[in-house]
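Scroll down for the structure; my scribbles are underneath it.
We did not get these values from a lab; they are worked out from the coordinates using the rules stated. Here the structure is a predicted model, which is why all the values come from computation and not from measurement. Don't worry about glycine lacking a Cβ; one is built from the backbone with ideal geometry, like all the others, and counts go over all protein chains shown.
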Amino acid sequence: MKIHVYAALKDYFQPEFEVSELVRNTDELKAVLLALNDKAAEILSACRFAVEEGFIDNAFKLNEYDTVVIIPPSSGG
Amino acid sequence: MNMTPSSSSLPAVADKPIDMIGLLRQAHHPGAGAVVLFSGEVRDSNRGQAVAFLEYEAHVALATSMIAEILSTAKERWSLHTAIAQHRVGRVAIGDTAVVVITASAHRGEAYAANKYIIDRIKHEAPIWKCEHYADGTKEWGNNCNCHAVTGDIHKHIYE
């Protein structure tokens, strides 16, 4: 599964990387990410997740071929 | 309703300086007695710290589709003749425009209300982020939307 992160998340993770663990939903993905860097806990709790340019929630079934975009809270304007 | 100068024909996210006068020129409409332009500009300080410049990043595809939806909703709700929004990415200097929203309607009340609705939603929802570069050489991703702390839902926001 490919992961893309943006903005403040790049202080905790590489902009693009892959996870090889079995990840079926966003909660499991968060757990994998926290295992990589537990300092990201606070910001991850406020992030949205997207696949193929659509936001997803924990009910969305992820598969190993997905590219998951992790969207920190907005700060435009 | 004038659909020409809307999100469908203008990039919602731009990596070059925003042509505010050009956008304003496109906003005029014979049925519009009011045109409201909001320009969000980079100021030279934030929370007491001198700011050198801002750098914006976006998920362009998501931001573009989201801004299109926001403009479409505003047009429908306030019967706008024109709704335009464009946000910068990349380095933006002090005093330059980071985001512009233009609304045109028959009367000013609708244009003002719609303009505020559009900029509020862009600031809270669009996947666009600012990194503040301070005069002392430090930098910080800043001013994130924190509505979820109150609403308990990262998709629910409180607009000013």
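List of remarks:
- Counts of other chain beta carbons within 10 angstrom of each beta carbon in peptide A:7-14 average 3.
- Aspartates and glutamates whose Cα lies under 13 Å from that of residue B:139, excluding same-chain neighbours fewer than 8 positions away: A:11, B:55
- Under 5 Å, built H, 5+ apart or other chain: amide partners of residue B:56: B:90, B:91, B:92, B:131
- Legend: mean number of C-beta atoms from other chains within 10 angstrom of residue C-beta atoms, peptide B:64-72, equals 1.
- For the stretch B:1-141: rounded, prolate or oblate by the Cα gyration tensor [a/c cutoff 1.5]: prolate
- Per-residue packing, averaged as other Cβ atoms within 10 Å, sorts the ranges A:40-52, A:15-27 into the order A:40-52, A:15-27, beginning with the highest.
- The stretch A:2-71 - convex hull of alpha carbons, volume per residue in Å³: 77 Å³
- Residue by residue, the stretch A:58-68 carries 3J(HN,Hα) couplings of 5, 6, 6, 8, 7, 10, 5, 8, 5, 10, 9 Hz when phi is fed to the Karplus relation 6.51 cos²θ - 1.76 cosθ + 1.60 (θ = phi - 60°); x denotes Gly or Pro.
- Cross-link table A:10/B:75; A:61/B:16; A:30/B:116; B:75/B:123; A:30/B:16; A:10/B:116, entries beyond 29 Å C-alpha to C-alpha: A:10/B:75; A:61/B:16; A:30/B:116; A:30/B:16; A:10/B:116
- Average other protein chain Cβ within 10 Å of Cβ, residues B:126-132: 6
- Diffusion coefficient of the stretch B:112-160 by Stokes-Einstein, Kirkwood radius over Cα pairs, 20 °C, 1.002 mPa s: 172 µm²/s.
- Ordering of B:114-126, B:11-23 by packing [mean C-beta count within 10 Å, highest first]: B:114-126, B:11-23
- Distance between the 7 Å Cα→Cβ label points at residue A:10 and residue B:15: 1.3 nm.
- Nitroxide proxy distance, nm - points 7 Å out along Cα→Cβ at residue A:17 and residue B:25: 4.9 nm
- Among B:72-78, B:100-106, the order from most to least packed when residues are scored by Cβ within 10 Å on average: B:100-106, B:72-78
- Rough spin-label spacing in nm, given labels placed 7 Å along Cα→Cβ, for residue A:2 and residue B:158: 3.9 nm
- Distances between placed amide hydrogens fall under 5 Å for residue B:14 paired with B:87, B:88, B:89, all partners being 5 or more residues away or on another chain.
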